[in-house]
Structures are given as structure tokens and as C-alpha cells.
Amino acid sequence: MKKPLLFKIPSSDKESFKVVFDDQPYFYDPLHFHPELQLTYIMEGSGTFFIGDHIQNFKAGDVILIGSNLTHVFRNDKVYYEEGSDLRAKAVSFFFTEESFGTDFFSLPECYRIKKLLERSSRGVQVRGETRRKVASMMRKVKEYDGFRRLLFFLEILSCIALSDEVEYLSSVGYTRYLREADSRKINDVFEYVLTNFPYQVKLQEVAEIANMSVTSFCRYFKLRTRKTFSLFLNEIRVGHACKLLKSNKHNVSEICYECGFNNISNFNRQFKAITGYTPTEFKRRYSV
């Protein structure tokens, strides 16, 4: 089983922040954290991300800011792991700390809004709307800049996000960022199991055994650390996958119901509407390609 890691971002005395370009079969997928803040633009790929106690689908075009030491992972869809898959996961990410540009740089009056943004990044921030499109366009061009020009370009990106009201905070206010390694390992193992087995019958007893707990203790433990019940988490994963299938318009609602692990249509419809606000048929009509 994969251990969650304190991930080390390579550093250099020739740059104050790190720009990383990902182009691989799937994103780095253990649950992990690092002292650096991370601003990521997903250029290509889809799947599920976990940031703190927040769970959501991701897709090409998403722009997300992750705070220092905030536990997270971008897990690609199952098809990315299949033998012979030619899918790619591509992203550009900035890694930096509040001290990257000098101890008191973000305390300058001109940086007030950026400093507030960095403080709020402890919950994870998703950029929406026109701001997302603008930031994504800028991040695609980062290779055109180097040295001091890249530094100014990065600060302009941060300022664009900081001045916008098109942002959504992801993790709950009460989320505790610093999990013990044993806690992180248990949560990661549960995530791994569910993401692999959600199309099938998932027995709570088996999941509790993965965490080496009784069912009662596990349910209490999971809700305390993720702010949701295990059954809601499982349904969110299943509904998220159903949304992708409905958008593709290649399957009917009944087929999708069973492919996502639901055992009857009525329960599928009920859970889908509770999570998305739409029935599967309404969602398909609204969002299918």
C-alpha cells in the first residue's frame, strides 16, 4: 500500500520559486503534503481530487491553489491506469512559500490582497469563471518567461486571483491540516480502496478492516477527519463517476446506475439529486456533449 508522504519539492539557489510541468500517464497519486503552497493549472486529464476534507472531480481547465502543509492528491480516473492507455495527465504548477521573495515581502502594503489570499489558501482555493480562464491563459505562457520576468509574471497571476471574487474555498473552516502519519496512511488506504472498488459492492466491514478498526470506531474516525460520513463519501465518488458517463452521452441512465455501483435506479436517482441538485436525466439533458 502507498504511504502518504511529506513530499519534497526540489529547490535551487538560482530560483525563488519552482515551476513544474507534468506530462505523464497519471498524476502523482499518494495522499501527500508539503510546506510549499501550490498553484496548479490542469492542462489535460480528469479524475477526483482530495484537498483537506474536500472531495471533488477535476478536469482540464481547473485552477487550484493549495495551502502550506494541506493534505491533498489528484487521482486520475481508472481508465488512466489501464494497460495500453494513451491518455496523458498534464499540468503546470508553481511551488512557493510566503518567504520565497523575502521574509516581509507579502507584508508590503501593495501585497495586502495577495497576503490575505495566501492565508485563506489553508482551506484550498478553486478559481472560477472569467478569472479562471484568464489565469489558465497566463499559466500556459509561463515557458515564455524566465528570470526576473518570470517572477513578475507569477506575481501578476497571484494578484489576478487575489483581486477576484470568483474563488471558492474548498476544505471546511474547522479542518485540521496536520494529520499524524498513521492517520494519513489509514485515510489514504481507504481512499485507494474506494476509488478502485466503488463500481462494486463496498462492504463497510471490509473498509473498517483496512483501517484496522471496528465498524463503529471507523465510522466515528472517518467522519471526524473528513467531516462527512463514509456512505456520503462513497456516494459522492459514485455520483462523480456517473456525471462523467452522463456527459459522454454513450450510456443510458440505467446502465450508468449499475456501472457506478448503485444497486437500483430509485436509490441512484435519489443520491444523484441529493448531491448534484439534478436527476440523472436532467443532468444528462443539461450537460451531455
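The values are calculated or read from the model by the stated rules, or taken from the named source; none is laboratory data. Only a predicted model underlies this, so the values are computations on that prediction, with no experimental measurement involved. Reconstructed Cβ throughout: ideal geometry from the backbone, glycine too, with neighbour counts over all protein chains shown.
Data table
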| read-out | value |
| --- | --- |
| First in region 231-250 and in a helix (DSSP H, G or I), second anywhere and surrounded by 18 or more Cβ atoms within 10 Å (Cβ to Cβ) and of a type in the set (Lys, Arg), Cβ under 6 Å, 6 or more apart | Leu246/Lys284 |
| So Lys90, is it assigned by TED's automatic domain parsing to the domain that holds Leu155 and either in contact with a strand residue (DSSP E or B) (Cβ under 7 Å, 6 or more places away or on another chain) or among the hydrophobic types (A, V, I, L, M, F, W, C) (or both) | yes |
| Of the criteria (1) farther than 18 Å from Phe154 by Cβ; (2) surrounded by fewer than 19 Cβ atoms within 10 Å (Cβ to Cβ), which one Arg123 fails | (2) |
